[in-house]
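Computed from the coordinates by the stated procedures, all read-outs in this text should not be read as laboratory data. These numbers were taken from a predicted model, which means no experiment stands behind them. Cβ placement follows ideal geometry from the backbone for every residue including glycine, while neighbour counts extend to all protein chains displayed.
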């Protein structure tokens, strides 16, 4: 498990990387970059499915959302209900 001030991330036994953002956090580009680096660390740089729990985030700016498009290890993302519009 990797724990940062704004998120927790771990590799599940089924090979899915799970990311949980902290409650009411604002997700900016640098946060997405930190999360993608953490994912690469967990997976050894291999492409893996990604499950994101963004139910309680405050805001996700366009740069924070766009940061995931640059993540070579994320094979996909699951949409979650979010008032921040992630």
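Remarks
- Extension gain (nm, one decimal) between residue 37 and residue 22, 0.36 nm per residue minus Cα-Cα: 3.7 nm
- Each label point was placed 7 Å from the Cα along the Cα-to-Cβ direction; for residue 47 and residue 3 their separation is 3.3 nm.
- Extension gain (nm, one decimal) between residue 56 and residue 30, 0.36 nm per residue minus Cα-Cα: 7.5 nm
- Among 26, 43, a tally of other beta-carbon atoms within 10 Å of each Cβ gives an order, fewest to most, of 26, 43.
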